[in-house]
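Scroll down for the structure; my scribbles are underneath it.
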Amino acid sequence: MKTPPSGGGATEAPSGRGIAGTPSGGGIAETPSGGGDAKRPSTAGPGRRPGRPPSLTRAAIAEAALAEGVATFSMPGVAARLGVGHSTLYRCVDNREALVRLAVELVAERTVWPSAGPAWRALLTGFADALWGACEAFPGLDEAILTTPGTPRVMVDLLTGYGGALVGAGLTPRDAAVAVDFVADLVFSSSVAMRGLDRRLPDAAGGSSTARERYRRAWARESAGRHPFEAEFTAEETWHGRGWFDDKLDIFLDGLATRIAPGPSRAPDRAASPGPSTEENA
């Protein structure tokens, strides 16, 4: 399963622990000074430079990347925030992409996720809300997840539990997998789009306006009442907050309800009722 980062596999870090088995939290843990005279022979092992490099936890490095901005941080910026040299940072993480994955994993471990249960619609809605909240808390997380392959172990475990609950509610394993992946993709793509409306663009008069203002003006100018539905494109709420995200999610969930397998304690045969069943969450 590729969600939340699209197209990747699980990282090696075990669920519920710090990155690569190190304890979560903490900061830069300095090795106690041994004192001694400057002529004392170095005890550095083969392949290591003499001296006393700071001992970093990978969780502390991930924290620094989040503080710098998960989509925009630079390796020198993270090193400076931690008070270490650039080369010291590269002893702990191979490259920037690896650090993005560590930062995403830390967010996943700290996010409060809904528990799996038989109310499948509430489960998927809660999952969407938790993902959206994480994207709001860490601007750029959505873009980082969409462009950096890899799925944190904690997410693999979480979504496996969700999949079991969805199958128990009557979905096929395939539909359950597609459902959680679709919801995550919808969150990330919608979050990127709504955040992008804030960017300012230069205009011919030498000023600037936001992408949001450009879109609204274009619809107001071009549509001019040709059809009532076009007013939805100029409505203020369309271009702020979550925009049409919740409407899109509801349309998907309404469609998913028609694929729930009927059973003694589940929804009745949809062929007998044109509307969505009120028992879909049983």
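The values are calculated or read from the model by the stated rules, or taken from the named source; none is laboratory data. A quick note: this is a predicted structure, and the numbers were derived from the prediction, not measured. Cβ atoms come from the backbone with ideal geometry, glycine included; neighbour counts cover every protein chain shown. We work out accessible area using only protein heavy atoms, side chains counted, and drop any ligands, DNA or RNA first. Shrake-Rupley method; radii C 1.70, N 1.55, O 1.52, S 1.80 Å.
Here are the numbers for this structure:
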{"read-out": "Matching option when the condition is at pLDDT below 95, open to solvent by 40 Å² or more (accessible area, probe 1.4 Å) and part of a helix (DSSP H, G or I), among 91, 52", "value": "91"}
{"read-out": "Verdict on residue 258 being modelled with pLDDT of 80 or more, of a type in the set (S, T, N, Q), open to solvent by 70 Å² or more (accessible area, probe 1.4 Å) and in contact with a helix residue (DSSP H, G or I) (Cβ under 7 Å, 6 or more places away or on another chain)", "value": "yes"}
{"read-out": "Among (1) touching a residue at least 24 places away in the same chain (Cβ under 8 Å); (2) buried (at least 16 other Cβ atoms within 10 Å of the Cβ), the one test that residue 126 misses", "value": "(1)"}
{"read-out": "Filter result (under 14 Å from residue 163 (Cα atoms) and touching a Ser or Thr at 6+ places or on another chain (Cβ under 9 Å)) within the stretch 103-115", "value": "114"}
{"read-out": "Residue list for the stretch 55-88, restricted to those being hydrophobic (A, V, I, L, M, F, W, C) and either on the phi > 0 side of the Ramachandran plot or open to solvent by 70 Å² or more (accessible area, probe 1.4 Å) (or both)", "value": "80"}
{"read-out": "Evaluation of residue 233 against (1) over 23 Å from residue 131 (Cβ atoms); (2) part of a helix (DSSP H, G or I); (3) open to solvent by 60 Å² or more (accessible area, probe 1.4 Å); (4) not basic (Lys, Arg) (one fails), failing number", "value": "(3)"}
{"read-out": "Matching residues, the stretch 181-190, being over 10 Å from the mean Cα position of the chain (by Cα) and buried (at least 21 other Cβ atoms within 10 Å of the Cβ)", "value": "183, 190"}
{"read-out": "Residue satisfying condition, being closer than 21 Å to residue 97 by Cβ and surrounded by 15 or more Cβ atoms within 10 Å (Cβ to Cβ), within set 116, 165, 144", "value": "144"}
{"read-out": "Boolean, residue 158 is open to solvent by less than 50 Å² (accessible area, probe 1.4 Å), farther than 17 Å from residue 71 by Cα and not in a helix (DSSP H, G or I)", "value": "no"}
{"read-out": "Only one of 195, 212 that is in contact with an Asp or Glu (Cβ under 9 Å, 6 or more places away or on another chain), among the basic types (Lys, Arg), within 24 Å of residue 71 (Cα to Cα) and open to solvent by less than 70 Å² (accessible area, probe 1.4 Å)", "value": "212"}
